[in-house]
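The values are calculated or read from the model by the stated rules, or taken from the named source; none is laboratory data. None of these values were measured; they are calculated from a predicted model. Ideal geometry is used to build each Cβ from the backbone, glycine not excepted, and the neighbour counts take in all protein chains shown.
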């Protein structure tokens, strides 16, 4: 993902619009299957443990989007984990949240 795409996604969400994504991967099975469409909307509240969010992970050569369930909140740092994963992801800063997953179309 490029910096330009990251800025565009954040701008769309900041304007109050939603974004449709095609989910790729099996990290959220059985909640979200590969190929499902998800609708990501702006967060209307502070993050809530148990909700599913789309966020940016910067652990790679270029940033990547993830869609996982929030497990822990520690001040401005959030810990996520895919429903089909044994271990938590590395903590993510709250500013790297794109939005909340509000709809899953199987």
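The residue list 20, 24 contains one member that is in a loop (DSSP other than H, G, I, E, B), within 13 Å of the chain's Cα centre (by Cα), surrounded by 10 or more Cβ atoms within 10 Å (Cβ to Cβ) and at pLDDT below 95, which is 24. The residue pairs whose first member lies in segment 19-38 and is closer than 19 Å to residue 100 by Cβ, whose second member is part of a loop (DSSP other than H, G, I, E, B) and modelled with pLDDT of 95 or more, and whose beta carbons are closer than 7 Å, counting only pairs six or more residues apart or on different chains, are 27/82; 27/84; 27/85; 28/82; 28/83; 28/84; 31/83.
When 76, 45 are checked against the criterion of being without any contact (Cβ under 8 Å) to a residue 24 or more places away in the chain, surrounded by fewer than 13 Cβ atoms within 10 Å (Cβ to Cβ) and more than 26 Å from residue 4 (Cβ to Cβ), a single residue qualifies: 45. Of the strands (runs of 3 or more DSSP E) that lie entirely inside segment 38-106, those containing 3 or more residues that are touching a helix residue (DSSP H, G or I) at 6+ places or on another chain (Cβ under 8 Å) span 52-57.
Scanning for something exposed (fewer than 12 other Cβ atoms within 10 Å of the Cβ) and at pLDDT 95 or above, does segment 50-61 turn up at least one residue? For segment 50-61, residues exposed (fewer than 12 other Cβ atoms within 10 Å of the Cβ) and at pLDDT 95 or above: present.
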